[in-house]
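Written out below as structure tokens is the structure these notes cover.
The values are calculated or read from the model by the stated rules, or taken from the named source; none is laboratory data. All values derive from a computational prediction rather than experimental measurement. Heads up, the Cβs are rebuilt from the backbone with ideal geometry, glycines too, and the neighbour counts pull from every protein chain shown. Side chains included, ligands, DNA and RNA excluded: accessible areas come from the protein's heavy atoms. Shrake-Rupley method; radii C 1.70, N 1.55, O 1.52, S 1.80 Å.
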Amino acid sequence: MSLIGSIIGGGIIGALARFFMKGKQNMGMLITIIIGMASAALADWLLMKVGVTNGFLQFVGAIVVAVVLISAYLGITNKK
């Protein structure tokens, strides 16, 4: 995937993860894109180890991983 595609995909995944989370997340667009990109890569790797190659399940897995990473980020930085 190209860099532009990764940025766009990370932005979509990060935005959807923030949408599904309860409450307001005090974080910027750049960190949302970075967390979205990291969660897509991590979910892809984890699901590949399990043997899942379905694109939709990888997308949903990336959103779930992004929710976890955003929660960890907010917990580490003490942002409410």
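For segment 1-41, residues that are of a type in the set (S, T, N, Q) and either exposed (fewer than 14 other Cβ atoms within 10 Å of the Cβ) or at pLDDT 90 or above (or both) total 4.
For residues that are over 15 Å from Gly10 (Cβ atoms) and either touching a Ser or Thr at 6+ places or on another chain (Cβ under 6 Å) or not polar (S, T, N, Q) (or both), tally how many sit in segment 22-44.
Filtering segment 22-44 down to residues over 15 Å from Gly10 (Cβ atoms) leaves 22-26.
Checking the rest, the ones that are also either touching a Ser or Thr at 6+ places or on another chain (Cβ under 6 Å) or not polar (S, T, N, Q) (or both) come to 22-24.
Adding up the residues that qualify gives 3.
In segment 43-50 there is at least one residue that is farther than 25 Å from Leu3 by Cα and open to solvent by 40 Å² or more (accessible area, probe 1.4 Å).
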